[in-house]
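A short reminder: the numbers here are calculations on the coordinates, not readings from a lab. Owing to the predicted nature of the structure, the values given are computational and were not obtained by experimental measurement. Virtual Cβ from ideal backbone geometry, glycine too; neighbours counted across all protein chains shown.
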Amino acid sequence: MADNNTPDSGHVESLDELANQARTIDMPAAAPAVQAAQAAAAQAAHATMEQDWVDTFKMLRGMGMVALQRVRGIPPETVKEIWSDAALEQIAAPAAEICRRHGLSIGDMMDRWGPYIGLTMALGVPGFATYELLHAPAAPKADGQQQPS
């Protein structure tokens, strides 16, 4: 009588061994599909990160528009012409690529540098206004003579 537990009989000792054999058989056929799914997921994550950068740059543009209008009287439309949506999208693409290469997200960057960026933005407007005041041309005196520079 033949032994049914020999390797040549095709009998498997456990379900785990059978599962391992199934994975080994299916892996070569599934590899392209798995790689395609991973590539699609990476591309979607990159597109999302790129859009996150666009949204962040739009927020910064909005803050800059307010600051430039208050300090220099520059109308928001002028700022939007210079920092257009298309320009922000062009800037966002390499920013997202840099983040991807370093394994960062906008959340990671804000966790690390958000307080510094916020402080810079908060000090930027009054600092720029002070600079403008210090470097503004002197107003003429009431008697028609100019003050010495």
Compute the distance in nm between two label points, each set 7 Å from the Cα along the Cα-to-Cβ direction, one at Met110 and one at Gln51. 1.6 nm
Using only the alpha-carbon atoms of region 47-149 as identical scatterers, what base-10 log of I(q)/I(0) does the Debye formula give at q = 0.11 Å⁻¹? -0.49
Order these peptides, 54-63, 80-89, by their mean beta-carbon neighbour count within 10 angstrom, highest first. 54-63, 80-89
Could you run the Karplus curve 6.51 cos²θ - 1.76 cosθ + 1.60 with θ = phi - 60° over region 121-127 and give me ³J(HN,Hα) per residue in whole Hz, x for Gly and Pro? 5, 5, 7, x, 5, x, x
Under 5 Å between amide hydrogens, which residues at least 5 positions from Ile74 or on another chain qualify, with H placed 1.01 Å from N in the peptide plane? Gln69
Which FRET efficiency value, to the nearest 0.05, is calculated for Ala129 and Asp85 with the Förster distance at 41 angstrom and r the Cβ-Cβ distance? 0.90
